[in-house]
Amino acid sequence: MFKSIAVTTGILIALVAFGYFLVSGIGKSISSDLSVIGKGKPVLVLAYENYSLNGGEALNRLSKIRSDYDSRLDFVVADMGTPEGHMFTSRYKLFDGQALLLKQDGRPLSVIGIPSEEKELRRLLETKLVVLEGNK
């Protein structure tokens, strides 16, 4: 009886935690829809190879801060394992874990590495966004 209650309680706690992560945005994935490029909002496109640590770690870092920048910047993943993502990364000569920041009209601004420290990543994005927002 006690074992059954403990298992049920554990399952309920796991379900609540999973729900919290989904609602809070932690479980939200970054889109791979490259068609948002050039639609009036700057776009940061991450080159991502699903079996590589570099791309996975960069994606995790971007996912953590994304909600703070959603109103100013679209975040997109160019999955190098898909034809569309491979074409995009080849065109701009991007390596796994690198990102391309594109202007509002879709023209490239710069290729950037995703810093390992959140504070440094935020500073980099703020600096780039000031340039982009000043050139509207």
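Could you tell me which residue of the stretch 61-75 is farthest from Gln98 (Cα to Cα), considering only residues that are surrounded by fewer than 16 Cβ atoms within 10 Å (Cβ to Cβ) and free of Cβ contacts under 8 Å to residues at least 60 places away in the same chain?
Ser71
Filter the stretch 50-88 down to the residues that are part of a strand (DSSP E or B) and closer than 16 Å to Lys39 by Cβ and list them by number.
Answer for the stretch 50-88, where residues must be part of a strand (DSSP E or B) and closer than 16 Å to Lys39 by Cβ: Asp74, Phe75, Val76.
Scan the stretch 1-24 and give yes if some residue there is modelled with pLDDT under 95 and within 25 Å of Asp96 (Cβ to Cβ), otherwise no.
No: the stretch 1-24 contains no residue that is modelled with pLDDT under 95 and within 25 Å of Asp96 (Cβ to Cβ).
Sort through Ala58, Ala78, Ala47 and tell me the only one that's surrounded by 11 or more Cβ atoms within 10 Å (Cβ to Cβ), at pLDDT 70 or above, aliphatic (A, V, I, L, M) and touching an Asp or Glu at 6+ places or on another chain (Cβ under 6 Å).
Result of the check over Ala58, Ala78, Ala47: Ala47.
Taking Ile30, is it modelled with pLDDT of 95 or more and touching a Leu at 6+ places or on another chain (Cβ under 9 Å)?
Taking the combined requirement at face value, the residue does not satisfy it.
Yes or no: the stretch 89-96 includes at least one residue that is closer than 23 Å to Glu49 by Cα, among the polar types (S, T, N, Q), in a helix (DSSP H, G or I) and free of Cβ contacts under 8 Å to residues at least 24 places away in the same chain.
The answer is yes; a qualifying residue exists.
The values are calculated or read from the model by the stated rules, or taken from the named source; none is laboratory data. Please read all numbers here as calculations on a predicted model, not as lab measurements. All Cβ positions, glycine included, derive from the backbone under ideal geometry; neighbour counts span all protein chains shown.
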